[in-house]
Ligand SMILES: [Mn+2]
């Protein structure tokens with residue numbers, strides 16, 4: 001982890017921006033909790049991962065913490081965190097404690113988390129609105145605080161009259177990445193690309209999927225990334241056609257394609273790359289045809305990632321290219337428009353072309369154009385228009401084709417699953433590809449694997 005206290009201003013700016021929006025919407029108090037620690041088994045915990053929203057606003061990565069923001073003439077940001085405790089710190093590690101945390105992270109005030117519930121009641125008093133991430137676990141405690149105030153209304157204190165969801169507000173903020181975030185994401189993309197290169201170089205028939213997973217992990221950790229951003233997918237042969245497969249123990253066979261979907265998390269930010277390559281280093285016949293088609297679809301998609309285009313445009317571009325190619329390969333019948341209209345392509349391409357990327361691999365932020373009309377008669381994916389892309393958004397572009405054994409499919413195509421995924425920043429004038437440090441063309445991949 002980088003040291004977020006070197007970037008206090010970044011987090012202070014985000015809190016100020018949120019407070020300004022709250023103030024604009026009538027004021028109130030926002031309450032956001034840190035993620036809990038999760039028990040794994042016996043005396044073991046899962047590695048701790050902070051809550052993305054909490055971290056976005058604080059840079060504070062300890063569990064047992066909460067943030068309270070109070071809008072107003074003099075906005076306040078108050079941290080609750082664990083007190084210093086020498087005994088616990090010997091076993092579990094360093095704690096800042098409220099005093100040092102306030103100083104280092106630039107909060108208005110900081111208190112012991114043990115006082116959170118009691119203090120929250122006081123902070124909610126006489127406020128018009130409570131802002132919270134609805135459904136994220138604090139709802140009950142906020143309701144208790146409101147109930148407490150109502151029961152004591154004779155003393156003149158008023159309970160908040162409304163509760164508002166912070167998720168859409170924070171989603172909009174997180175959707176547009178700032179300079180600080182883009183710098184980290186560039187580095188995460190570079191490390192993940194190096195990991196894919198390493199896995200391709202090491203691949204040869206006779207190894208097992210977990211061997212390649214180990215190469216990915218080696219590169220992530222030796223370059224300082226905290227962990228994979230999600231469970232790495234390494235699927236060989238038939239496993240390449242299982243969308244949420246994980247690296248298992250299947251032997252990589254001569255003639256297989258190997259699909260790797262993996263990316264590191266660096267300073268909390270995800271990267272997300274997929275590459276597909278031949279186990280023996282040489283694309284053959286049908287493998288090559290499918291690969292070239294998916295690559296053409298990805299190129300058409302990336303060209304549609306521009307400010308002012310809709311989020312759905314790059315998916316639609318991939319559908320058109322893939323459907324056209326599938327008809328030429330005689331895997332689909334009829335016309336391109338017909339096969340798109342009937343959704344016939346979904347037999348081989350059953351997922352969307354991408355998603356937002358950031359602190360979460362499927363990052364926060366609305367996909368819909370919330371001002372567009374809702375049409376319940378339209379096909380599901382077309383009931384409301386997707387939003388326009390804008391500079392600072394980061395998306396993945398990841399079309400794929402997955403061909404399972406079937407009587408009506410020539411055997412040469414069986415068990416070929418190909419997906420190609422890169423991380424793309426929407427810029428003022430076009431886009432920036434964060435993950436082209438790993439080769440993508442047939443010639444480049446074959447050249448890399450020959451070495
Ligand atoms: Mn992805």
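A few comments on the model shown:
- Residues that are assigned to a loop (DSSP other than H, G, I, E, B) and either under 23 Å from the mean Cα position of the chain (by Cα) or in the same structural domain as residue 123 (by TED's automatic domain parsing) (or both) do occur in the range 6-26, at least one of them.
- Looking at 390, 381, just one residue is in a loop (DSSP other than H, G, I, E, B), more than 16 Å from the ligand (Cβ to nearest atom) and either modelled with pLDDT of 95 or more or more than 19 Å from the chain's Cα centre (by Cα) (or both), and that residue is 390.
One line per residue, one yes/no per condition, for (1) outside any helix (DSSP H, G or I); (2) surrounded by fewer than 21 Cβ atoms within 10 Å (Cβ to Cβ); (3) away from the ligand (no atom under 15 Å from the Cβ):
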| position | (1), (2), (3) |
| --- | --- |
| 314 | no, no, no |
| 319 | no, no, yes |
| 322 | no, no, yes |
| 326 | no, no, yes |
| 332 | yes, no, yes |
| 360 | yes, yes, no |
| 366 | yes, yes, yes |
| 370 | yes, yes, yes |
| 376 | yes, yes, yes |
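- Residue 35 surrounded by 14 or more Cβ atoms within 10 Å (Cβ to Cβ), within 24 Å of residue 357 (Cβ to Cβ) and either free of Cβ contacts under 8 Å to residues at least 40 places away in the same chain or assigned by TED's automatic domain parsing to the domain that holds residue 183 (or both): yes
- If you check 201, 190, 186 for being farther than 21 Å from residue 358 by Cα and touching a residue at least 12 places away in the same chain (Cβ under 8 Å), only one passes: 201.
- Count of the range 272-305 residues, restricted to those that are touching a helix residue (DSSP H, G or I) at 6+ places or on another chain (Cβ under 7 Å), within 16 Å of the ligand (Cβ to nearest atom) and assigned to a strand (DSSP E or B), is 3.
- Yes/no for residue 194 being in the same structural domain as residue 99 (by TED's automatic domain parsing), closer than 29 Å to residue 225 by Cα and outside any strand (DSSP E or B): no
- Hey, residue 351 touching a residue at least 40 places away in the same chain (Cβ under 8 Å), within 15 Å of the ligand (Cβ to nearest atom), closer than 21 Å to residue 236 by Cβ and assigned by TED's automatic domain parsing to the domain that holds residue 231 or not: yes
- Helices (runs of 4 or more DSSP H) completely within the range 72-169 that count 3 or more residues being surrounded by fewer than 13 Cβ atoms within 10 Å (Cβ to Cβ): 86-92, 139-151
Conditions tested, residue by residue: (1) touching a helix residue (DSSP H, G or I) at 6+ places or on another chain (Cβ under 7 Å); (2) assigned to a loop (DSSP other than H, G, I, E, B).
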| position | (1), (2) |
| --- | --- |
| 210 | no, no |
| 214 | no, no |
| 240 | no, no |
| 245 | yes, yes |
| 255 | no, yes |
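- When we screen 59, 72 for residues that are over 28 Å from the mean Cα position of the chain (by Cα), at positive phi and free of Cβ contacts under 8 Å to residues at least 60 places away in the same chain, the only hit is 72.
- Test result for residue 273, under 27 Å from the mean Cα position of the chain (by Cα) and at pLDDT 95 or above: yes
- One residue alone among 404, 384, 419, 436 is without any contact (Cβ under 8 Å) to a residue 40 or more places away in the chain and either within 15 Å of residue 302 (Cα to Cα) or surrounded by 14 or more Cβ atoms within 10 Å (Cβ to Cβ) (or both), and that residue is 384.
- Residue that is surrounded by the fewest Cβ atoms within 10 Å (Cβ to Cβ), among those in the range 407-416 that are assigned to a loop (DSSP other than H, G, I, E, B) and touching a helix residue (DSSP H, G or I) at 6+ places or on another chain (Cβ under 9 Å): 410
The values are calculated or read from the model by the stated rules, or taken from the named source; none is laboratory data. Just so you know, these numbers come straight off a predicted model, no measurement behind them. Cβ coordinates were reconstructed from backbone atoms using ideal geometry, including for glycine residues, and neighbour counts include every protein chain displayed.
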